[in-house]
Each structure stands twice: as C-alpha cells, then as structure tokens.
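Following: one structure in structure tokens, then a few remarks.
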Amino acid sequence: MPSAPDLSAYRIAVEPYYRPVGDEIAVFEAAWRHRLPVMLKGPTGCGKTRFVEYMAWRLGRPLITVAAHEDMTAADLAGRFLLTPEGTVWHDGPLTQAVRHGAICYLDEIVEARQDTTVVIHPLTDARRMLPLEKRNELIPAHADFQLVISYNPGYQSAVKDLKESTKQRFVAIDFDYPAPALEAEIVMREAGADLALARTLVAIAACSRNLRGQGLDEGASTRMLIHTGRLAAGGVSLEAAVHAGIVLPITDDADVRQALGSAISACLV
C-alpha cells in the first residue's frame, strides 16, 4: 500500500466566513456522523464551495477539491501509472487519496464530467464504501473519516448534462439559493469591504438581473459577482463602471441583453 501522504496542505487553518441560511449545517453534520454522501444543489456563486470549506474546517477534516470538466476521466480521479526514472510508478488520484486517508472529497460541478467517469463513485456511495482500482487490481475500503460531497447547478440541466437518477438517489441533498436581501447585503459588506448603502444597491441590482432569467439570461448576478463588484467600487472605481465590469460584461455577450440589463440596472441606481 502506498505510504500516507502529507494532507496538511488540504487542511483549512482559518475559519472561512459563512452565514447559514437554513438548517444546512445541521444536515451536513448529521450526514457526516453517518458518513452519508452529500449533494449540494444550487446556482453558480451562491456559496456552495464556501459552505464545504466551512464544514471541513468545522469538522477538522482535510478537504480535497476537484473541479469537474468534460475531459475528466476516471483515471483523473482514481489515479494512473506514470513513468519515472525509477520505472513505472502508481500515483493515487485525488479521490483515491481521500478514500485511503480520510479526507472530505468535494467534486465541484460534477455534471461537467462525463457520465462514464462519475460511475466510479457509485461503490463509495452505498453500504460497500469501496473504491475499485481496476488498473491495480485493488479494492480500497474507505477510511472511516472519508466523506464524498458533490455539487451541481440544476439551472444548467439538460439531457446531456444531468446526473443519472441512479447517481442522485445515492446522496443526501441540500438545496442552495441566493440569500435573502438583508443577509446578502450583510455578506457583500463583509466580503467586499463595502458600506451598507453600496451593499444594498448591489443586492437590488442582483434582483433586477435575476428577474431577467429566462429572458436572455441563463442566470442573474450571483453573490460572488456582487462581492467582486463591491470590491471594485470600494477600491475607487465608479459604481457605474464597477457594475459594468463586474456584472454586465461577465454575465452576457449578447448586445441586446446587455442593453436590457443596463436599463434595469440604471433604474436601481437612480
């Protein structure tokens, strides 16, 4: 068996800032006690990743994060043989490291990965809690402290990019959404270093953009975008320029949608 790696780099030493919006902390902690896999569902930039970081800190566990993408293979998760000056050597992938040594493994935006890749997690999400490494002819029992967490954005679901029901039903799910306006303004103040008036204005702008969802926009401005915009404005950029750079330009390339969004935003700035 490969020697235990140093997972200290994956430990979160400083408490991440996170404001709960419901019972998500209690649900996650209960899932952790029973080592149940957890699925986080919600729009882009609403705090899913920050929540996982906070829970890893709260539970005192290392967190290994993998950003899923369409070219990700099962070997990218499990590991592969590599040629070295000493010969052919096996290198554990991030999922295997977490399984062997008791980390939380977070697969971010799991639907971006190919469906034949995600099947590799199935034996870890039922009573077996095993990871088969076919290339090594090895079956790894999960460490007692291992937990699997995945996230995805249901707003981007399609026949091509969606989780199979056989995968979804293996997880405890926690629903995420953008915080209520007062709480979102508080988060923007804290994270962007903005004053309350600016934070409230940005939250109002976000509401305008979210109302355009389905009318040219796949999604409105995320809490993350508001924080970026708030930092620009707090750093001396005019509010109009900050909103244009932090929200309007990133959110769409369509000239007509930009114009409609700009008009809605202008009403918020009056």
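Odds and ends about this structure:
- Thr88 hydroxyl-bearing (Ser, Thr, Tyr) and within 29 Å of Ser166 (Cα to Cα): no
- Residues located in the range 38-48, provided they are of a type outside the set (Gly, Ala, Ser) and crowded, with 19+ Cβ neighbours inside 10 Å: Val38, Met39, Leu40, Lys41, Pro43, Cys46, Lys48
- Scanning the range 42-65 for residues that are closer than 19 Å to Phe171 by Cβ and either modelled with pLDDT under 95 or not assigned by TED's automatic domain parsing to the domain that holds Val14 (or both) gives Gly42, Pro43, Cys46, Gly47.
- Helices (runs of 4 or more DSSP H) fully within the range 133-210 counting 2 or more residues that are outside the structural domain of Cys46 (by TED's automatic domain parsing), on the phi < 0 side of the Ramachandran plot and out of contact with any Cys (no Cβ under 8 Å at 6 or more places or on another chain): 181-192, 196-210
- Residue under evaluation Leu36, criteria (1) among the hydrophobic types (A, V, I, L, M, F, W, C); (2) over 24 Å from Asp92 (Cα atoms); (3) assigned to a loop (DSSP other than H, G, I, E, B), criterion not met: (2)
- Residue count for the range 116-151 satisfying the condition of being modelled with pLDDT of 90 or more and closer than 26 Å to Arg50 by Cβ: 12.
- Between Ala98, Ala103, Ala113, Ala159, the distinction of being of a type in the set (A, V, I, L, M, F, W, C) and at pLDDT below 85 belongs to Ala159 only.
- Whichever residue in the range 6-33 is in a helix (DSSP H, G or I) and touching a strand residue (DSSP E or B) at 6+ places or on another chain (Cβ under 7 Å) and, among such residues, is surrounded by the fewest Cβ atoms within 10 Å (Cβ to Cβ): Val27
- Residue, farthest from Ser266 (Cα to Cα), within the range 186-216, restricted to residues that are under 21 Å from the mean Cα position of the chain (by Cα) and among the aliphatic types (A, V, I, L, M): Ile187
- Residue selection: Leu95 fails the criterion of being part of a loop (DSSP other than H, G, I, E, B), surrounded by 16 or more Cβ atoms within 10 Å (Cβ to Cβ) and not small (Gly, Ala, Ser).
- Residue that is modelled with the lowest pLDDT, among those in the range 217-229 that are within 16 Å of Cys268 (Cβ to Cβ) and small (Gly, Ala, Ser): Gly220
The values are calculated or read from the model by the stated rules, or taken from the named source; none is laboratory data. Just so we're clear, the structure is a prediction, and the values are computed from it rather than from any experiment. No Cβ is skipped: glycine too gets one built from the backbone with ideal geometry, and neighbour counts run over all protein chains shown.
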